[in-house]
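To keep things clear, I will list the structure first and then write my remarks on it.
The values are calculated or read from the model by the stated rules, or taken from the named source; none is laboratory data. Being a predicted model, the structure only gives us computed values, none of them experimental. Because the Cβ atoms are built from the backbone with ideal geometry, glycine has one as well, and the counts that use them run over all protein chains shown.
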Amino acid sequence: MSLISPSVPPGNSTDWILDYTDIETKFSVRSVEEPEEDLCYLVPGKKDTVTQCGFNISLPTFAIIHGWSVAGLFESWIHKLIAALFERVPNANVIVVDWLDRAQHHYHNSAANTKLVGEDVARLINWLEVDLKYNLMNLHLLGYSLGAHVAGVAGNLTNNKVNRITERAFPVLVSVCRLGATKWSHGFYQPGWHIRYADLDQIMKCAHERSVHLFIDSLVNKQQQSMAYRCNSEDAFDRGLCLSCRKNRCNNMGFGVNKIRTTKSAKMYLKTGASMPFKVFHYQMKFHVFNQQNLSLSEQPVIVSLYGTHGEKEDIQVILSNVTTNTTVSFLLTTDVDLGELLRVMLQWDSDSYFSFFNSHKFMVRRIRVKAGETQSNTVGCSRVQYSRVQWGRVEYSRVE
């Protein structure tokens, strides 16, 4: 979405879109051999630049639009994204929309310039379609930060003819059906980053730029696409209540997103790993806790181990926000290992907690249910023990055939 409501320039005339004489934005065509070099610029209105730059009108085109630039230089992620695009689509046209001259002012002024840059991009798109007969179904705009606003303006001014616009305006990734991901202020939970108050500017950069690297990950790790799930709230997601894929409730994140015809935006949630590949596997674990006493505890540590046909993941630490006797506990669990079909689950109540709910109280867990988000499979486990009355508890489950 744009910070400024996009509109047709003054006079409501469309003649401006055919005038290429005052375009200030530069359109750098990159090559797979030298992706970091500005060797040739596509100039609207000058068809000879098409041949000079090796732009092929029959191939897909990606237009990368950078955001605010304090130093007036391209950030390193641009070169990484270009390389990733060429790796995924080797014969594509890749254009870097260079508006550094307008992007290196105070943020408010640079934000105001997004409308002007959006108009320049709209004129490029119009030239491609009208003069070069380029099929806009092959055009994909990728906007980051203020570049997302530029992409929005350009898309609006070209009557939404562009096939796809991927916007990364804040710590969210928005694409086609407005696919996003939230865990940290409508961003991504990022276990690879450590927060210190003194590094506030780096924290913001981390949250802001992480979306680019998640998109790059979706390009280069085709077989490990991250899955996001529609959910109404972060709390519901953390309880594992949103892992359904019925009626388009889940989707791939990033380049491999499945197109869905919808008039409504959707809030999508997922968790990611600390480093590339970022994909993790989501599980909902649910079980019923029994006790003769009516007790309740907050922040209860639990250790979970999972064993499947393809692998295992042991000693996953989980903090249950609330555990109350004679109620059902449900929580989200993630692993970076593809376990395959789940065979066995082991729960261990952490005895390091002095106030542990199960330190001195008899408890019983008769059955556990596990739902896998990525495969949509459901597993019901039967406990090998009926209860535990020790200073810590360990309960093991095997799949019920």
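Here is a check on your reading of the model: is residue 300 outside any loop (DSSP other than H, G, I, E, B) and within 30 Å of residue 252 (Cα to Cα)?
No; evaluated as a whole, the condition is false for this residue.
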- request: Hey, can you tell me all the residues within the range 253-284 that are surrounded by fewer than 22 Cβ atoms within 10 Å (Cβ to Cβ), assigned to a strand (DSSP E or B) and either on the phi > 0 side of the Ramachandran plot or hydrophobic (A, V, I, L, M, F, W, C) (or both)?
  value: 281
message: Among the residues of the range 73-92, are any of a type outside the set (D, E, K, R) and either more than 26 Å from the chain's Cα centre (by Cα) or in a strand (DSSP E or B) (or both)?
response: no
message: Quick test for you: out of 389, 394, 367, pick the one residue that is closer than 30 Å to residue 230 by Cα, at pLDDT below 90 and not hydroxyl-bearing (Ser, Thr, Tyr).
response: 367
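Quick check on this structure: which one of 174, 220 is under 28 Å from residue 163 (Cα atoms), at pLDDT 50 or above and not assigned by TED's automatic domain parsing to the domain that holds residue 337?
220
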query: Looking at (1) modelled with pLDDT of 90 or more; (2) crowded, with 17+ Cβ neighbours inside 10 Å, which is the one condition that is false for residue 31?
result: (2)
message: Restricting to the range 221-251, name every residue that is within 14 Å of the chain's Cα centre (by Cα) and surrounded by fewer than 17 Cβ atoms within 10 Å (Cβ to Cβ).
response: 224
- request: Of the numbered conditions (1) among the aliphatic types (A, V, I, L, M); (2) in contact with a strand residue (DSSP E or B) (Cβ under 8 Å, 6 or more places away or on another chain); (3) farther than 21 Å from residue 41 by Cβ, residue 124 fails exactly one; give the number of that condition.
  value: (3)
task: Mind listing whichever residues of the range 55-91 are surrounded by 18 or more Cβ atoms within 10 Å (Cβ to Cβ), without any contact (Cβ under 8 Å) to a residue 60 or more places away in the chain and within 15 Å of residue 42 (Cα to Cα)?
output: 55
query: Which ones in the range 285-303 are crowded, with 20+ Cβ neighbours inside 10 Å and under 27 Å from the mean Cα position of the chain (by Cα)?
result: 285
message: One residue is enough: does the range 85-102 have a residue meeting the conditions in contact with a Cys (Cβ under 7 Å, 6 or more places away or on another chain) and over 22 Å from residue 140 (Cβ atoms)?
response: no
message: Need pairs with beta-carbon distance below 8 Å; first residue closer than 20 Å to residue 130 by Cβ and within the range 140-168, second part of a helix (DSSP H, G or I) and among the hydroxyl-bearing types (Ser, Thr, Tyr); sequence gap 6+ or separate chains.
response: 153/114
